[in-house]
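Just so it is clear, none of the values below were taken in a lab; they were calculated from the coordinates. Computed from a predicted structure; not experimentally measured. Backbone-built Cβ (ideal geometry, glycine too); neighbour counts: all protein chains shown.
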Amino acid sequence: LTSGSKTWKPAACRLPSKTGPCKASIEAWYYDWGKGKCKSFTYGGCDGNGNNFETQKQCEKRCGRNYNRKHDKCLLWRPEEKSCGNKSVIATRWFFEENKSSCKQKIFPTCKQDPKGFGTCSQCVATCRHHMKTLQACEDAANPK
């Protein structure tokens with residue numbers, strides 16, 4: 001998908017801004033696919049979508065001309081299953097599954113003490129929300145560790 005400055009971008013970057021039903025008045029940013037740039041809008045505070053950023057800089061990094069698929073942890077990080085005999089450790093990490101547009105927990109053997117992936121569902125969603133058409137709710141959000 002390339003047309004002018006519209007090189008490949010995460011799916012949520014094509015979504016319209018979504019104020020949501022709540023009544024807060026929060027300045028937020030979204031990527032305007034038609035104009036090819038980030039614009040501000042008023043977010044109500046709930047039921048938004050993945051095209052919703054706290055700052056213009058975050059919007060540009062995730063959807064604008066500064067987006068670089070090669071550096072996107074959501075697309076790069078995959079479980080690295082590896083058996084190292086008695087030195088193996090069992091890792092429990094969260095990964096973004098692009099084909100399902102959601103974060104999923106994986107439990108796998110690895111040789112690394114600090115494997116790639118996210119420690120919680122909330123960390124995965126916070127980092128990968130720009131790929132989600134609908135924001136995923138996480139159980140760990142109610143009980144942060």
Normalised convex hull volume, the chain, alpha-carbon set, Å³ per residue:
122 Å³
Assign unit charges at the C-beta atoms only (+1 for Lys and Arg, -1 for Asp and Glu), then state the dipole size of the stretch 11-67 relative to its Cα centre in Debye, rounded to the nearest 20.
220 debye
Under the helix-only model (-39500 (n - 2.57) for each DSSP H run of 4 or more, divided by the residues of the chain), the mean residue ellipticity at 222 nm, to 500 deg cm²/dmol, is -3000 deg cm²/dmol
Full-extension gain in nm, ARG14 to LYS73, via 0.36 nm per residue minus C-alpha separation
19.3 nm
Under a Cβ-only charge scheme (Lys and Arg +1, Asp and Glu -1), can you give me the dipole magnitude of the stretch 73-124 about the Cα centre, in debye to the nearest 20?
60 debye
Between SER83 and LYS106, with labels modelled 7 Å along Cα→Cβ, what's the label distance in nm to one decimal, could you check?
1.8 nm
With the label point 7 Å along the Cα-to-beta-carbon line of ARG65 and a cut-off under 20 Å to each amide N, the hits in the stretch 32-46 are 32-40
